[in-house]
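Reviewing the structure listed below.
Read-outs throughout are calculated quantities, based only on the coordinates presented, and are distinct from any laboratory measurement. Everything numeric here is computed off the predicted structure, so don't read it as measured data. Every residue, glycine among them, receives a Cβ derived from its backbone with ideal geometry; neighbour counts consider all protein chains shown.
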């Protein structure tokens, strides 16, 4: 398929995942504060901004941190390229360019999500019922992905869309763990890591494996290494590897697969107890930078022959 | 059945496609009106809602110019189909094939031939070389089978006595065929029994016919069949929907200029597996934007170096560059002479009576009757810049007169054609509305006239303006099979 179309599908997937993950993180941060026990309001929101690599741009625009201001910045600010409303708009824009490659049901779900969010007064909803809004965004993103999953043939367009989602998700999980990990020794550690699990809908899955013992090191190991949980880093890495194998008809994806193989091997052979004993920082850093590298190699390998407009934001520099 | 009548229907002046002066229904429309009256007005209103829902869901909408809210309207297709019986169509088909062959021979003569038609003084050379549509860079460019105008849209109107006349030729990037297919698909779903009662020639094969024509242009035999792509200006173009639709129908990639690259005079598209060779480009980008290296430097729509690949014969393009010279409205009056010159035949479809304003006698005559004539700028299409004499104010006519006197080459004047009318659903009642017809002609290794075409309707009473941007609608257009 055309390189430009593949790139548009890849980014439609990334933006969609970004919107969903941002809504998840906002929701748990907000609830963490309501339920109490956590750190103070300001540091909770700052932590979230740091996880999203948005602390600097936020402070450039806002003198201080408040629940309202951060939520509006991350949800409804049309000038903030990573806000949920911007991410949905970009996902739709990318999808519109490749409309003929998408199933009508996927397109309709994405298009109506965008049109409806745009028509609403999001700031008023954030003031009144933020949880409802976050839940709705999450559900809608899942509906879009589900409509695609149930109606698109497993051919290259689908693979590039899915690849975008998986890479973004793996990266988001890494980001969140990196921000939270240094805080595990704090008194609020238990509470913090309960939130981490909740934000990726992993509390139930974790509890089934480890019981209700919310041990920070175990949570980190679970979200990094669980082979079964669909939002763990290893799970995403494996699924990405499978997609790259399918996209491969010879040499093209050799380079992203090589890098991915390294991350995959390290995570697969990682011993959870060792991770607890020696700390996860090295593993986490290597996983995250490896994922960045894979994303860049995917761009180079599959999209490089295509035209290269500067339209995407991504990566360690953000 | 003959003898059926349409109570309460008011014929408009001129030819009515479906209803005789006696208000009897023409026999080839009998089954349709029988079925429509069986359904009745309330049921038809609910079918209209179903039709709108179908078009909205498919996203077949268009923006209404001048509507500040930016609201999009669904595609306005009237539920009453326009029907051409086999005999009528046979004549049109022969006439269109004849005309398109002559136009292609004219283009071939100008760009790679000896320009016999200019040498013999049939068409004035100065007129050709002063045409905005004449592209010097296209001189010498090869066109397989002499197929320069591969897709032609030739607008027909039907005058007072029912004679079909050619109103204008569209030989560059004519659009509208996707609506022909969508109209048929929608009407078949909305009123299934209507079409079941008649034997209608199908239209769904257009994508495959177009692909066959494009394949026949491939410059060289290739291992797994020639690769065809559709070249679009991009998503903001008003016909983008059609470009995407045709790409999908043909199973071709929908490319923008930036997806194609020329290396060593060969065109490639940029794919996820690297560069892949392209053999035929169906382009929906204007001549001036095709190759920024030669034409508009500011264009980001085109493909730098494309001309060199065309010149080398490594890729074919449809329609070929420079077709606009043949649909220049100042060249249009000479098409009947072209038919006689190249084919030695009498034209089957007449033109509309046209005055050449650069000829002093004809200009004087036209200027004295400006309030009765239609004046058109020669290079424009889509109805832009037209002055309708009978509707124009004295000031408008005066401006028009001055413009003609300053630039007589820039305009033609035509007799006003009283367009034929057709029963059309307006607020639940059948009323007469004026219509035209744009059939499509495909030329590859051979010429194929596509059955029917796009019928456009002026939805305002008495109006002759059929453009969808100005309140025009459309009709599914049926060509009946030969009766056994």
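What percentages make up the Cα-Cα pair-distance distribution of the stretch B:354-415 when the bins are 10 Å wide from 0?
Pairs per bin, as whole percents: 25, 62, 13.
Taking the alpha carbon gyration tensor of the stretch A:122-168, what are the square roots of 5 times its eigenvalues, largest first, to the nearest whole Å?
Taking √(5λ) for each eigenvalue gives 30, 11, 7 Å, largest first.
Relative contact order for chain B: what is it in percent, counting Cα pairs under 8 Å that are at least 6 residues apart?
Reported as a whole number, the value is 24 percent.
Could you tell me which of rounded, prolate or oblate describes the stretch A:1-85, using a ≥ b ≥ c as the square roots of the eigenvalues of the alpha-carbon gyration tensor, with rounded for a/c under 1.5 and, failing that, prolate when a/b is larger than b/c and oblate otherwise?
prolate
Put a dot 7 Å past each Cα toward the Cβ at residue B:46 and residue B:391; how far apart are the dots in nm?
With each label point 7 Å from Cα toward Cβ, the separation is 3.8 nm.
Using a 10 Å cut-off on Cβ to Cβ distances, tally the other chain neighbours for every residue of B:248-261 and report the average as a whole number.
Numbers: counts 3, 0, 0, 0, 0, 5, 7, 3, 4, 1, 5, 7, 2, 3.
Across the residues of B:248-261, the mean count of other-chain Cβ atoms within 10 Å is 3.
Can you give the % of DSSP beta bridges in the protein assembly as shown that are antiparallel, to the nearest 5? Don't jump to the answer; show the numbers that get you there.
Values: 52 of 69 bridges.
Percentage antiparallel, nearest 5: 75.
Remind me, relative contact order of chain A in percent, using alpha carbon pairs under 8 angstrom and six or more residues apart?
Over chain A, the number comes to 24 percent.
Specify the inter-centroid distance of the stretch B:418-484 and the stretch B:353-385, based on alpha-carbon positions, in whole Å.
Here the two parts' Cα centres lie 25 Å apart.
What does the structure give for A:1-12 when I average, per residue, the other chain Cβ atoms found within 10 Å of the residue Cβ?
4
Based on the Kirkwood radius over alpha-carbon pairs, what value in µm²/s does the Stokes-Einstein equation return for the translational diffusion coefficient of the stretch B:199-343 at 4 °C and 1.567 mPa s? Write out the running numbers ahead of the final one.
Numbers: Rh = 16.5 Å.
The Stokes-Einstein estimate is 78 µm²/s.
Quick check: convex hull of the Cα atoms in the stretch A:1-152, volume per residue, rounded to a whole Å³?
Cα-based convex hull of the stretch A:1-152, divided per residue, equals 111 Å³.
Using the reciprocal of the averaged 1/r over all distinct C-alpha pairs, how large is the Kirkwood radius of the stretch A:209-285 in Å?
After inverting the mean inverse Cα-Cα distance, the result is 13.5 Å.
May I ask you to sort A:226, B:368 by Cβ crowding, counting other Cβ atoms within 10 Å and putting the fewest first?
In increasing order of surrounding Cβ atoms, one gets B:368, A:226.
Using Cα centres only, tell me the gap between the stretch B:300-321 and the stretch B:127-189 in whole Å.
Centre-to-centre (Cα) distance: 21 Å.
Per residue, how much space in cubic angstrom lies within the convex hull of the C-alpha atoms of the stretch B:333-484?
Spread over its residues, the Cα hull of the stretch B:333-484 gives 170 Å³ apiece.
From the Cα gyration tensor of the stretch B:125-218, with a ≥ b ≥ c the square roots of its eigenvalues, which class applies: rounded if a/c is under 1.5, or else prolate if a/b is larger than b/c, or else oblate?
Because a/c hits 1.5 or more and a/b fails to exceed b/c, the stretch B:125-218 counts as oblate.
Given all pairs of different Cα atoms, what value in angstroms does the Kirkwood hydrodynamic radius of the stretch A:96-223 take?
17.2
What is the diffusion coefficient of chain B in µm²/s, taking the Kirkwood radius over Cα pairs and the Stokes-Einstein relation at 25 °C with a viscosity of 0.890 mPa s?
D, rounded to a whole number, is 103 µm²/s.
How much of the DSSP beta bridge set in chain B is antiparallel, as a percent to the nearest 5?
On the way: 51 of 68 bridges.
For chain B, the DSSP antiparallel bridge percentage is about 75.
So if each residue of separation counts as 0.36 nm, and I subtract the Cα-Cα distance between residue A:269 and residue A:150, what length gain in nm does that give?
Net length gain for the segment: 39.5 nm.
Under the definition of Cα pairs under 8 Å and six or more residues apart, what whole-number percent is the relative contact order of the stretch B:354-415?
Averaging sequence separation for qualifying contacts and normalising by length gives 47 percent for the stretch B:354-415.
Give me the orientation-averaged projected area of the Cα convex hull of the protein assembly as shown, in nm², one decimal. Numbers along the way, then the final one.
Details: hull surface 163.0 nm².
Projected area, direction-averaged: 40.8 nm².
Taking the square root of 5 times each eigenvalue of the Cα gyration tensor, what semi-axes in Å does the equivalent ellipsoid of the stretch A:165-307 have, largest first?
Equivalent ellipsoid of the stretch A:165-307: 30, 14, 13 Å, largest first.
Tell me the mean residue ellipticity at 222 nm calculated for chain B from its helices only (DSSP H runs of n ≥ 4, each -39500 (n - 2.57), averaged over every residue, nearest 500).
Per the formula, -9000 deg cm²/dmol.
Can you pull the mean other chain C-beta count within 10 Å for peptide B:267-280? List each step's numbers first, then the result.
Values: counts 0, 1, 6, 10, 10, 22, 14, 7, 2, 2, 0, 0, 0, 0.
Counting other chains' Cβ atoms within 10 Å and averaging over B:267-280 gives 5.
For chain A, go through all pairs of different Cα atoms, get the mean of 1/r, take its inverse, and jot down that Kirkwood value in Å. Each step should come with its number before you reach the end.
Values: mean 1/r = 0.0500 Å⁻¹.
Final number for the Kirkwood radius of chain A is 20.0 Å.
Within the stretch B:112-128, which residues have the backbone N less than 13 Å from the label spot 7 Å out from residue B:409 along Cα→beta-carbon, could you tell me?
B:124-128
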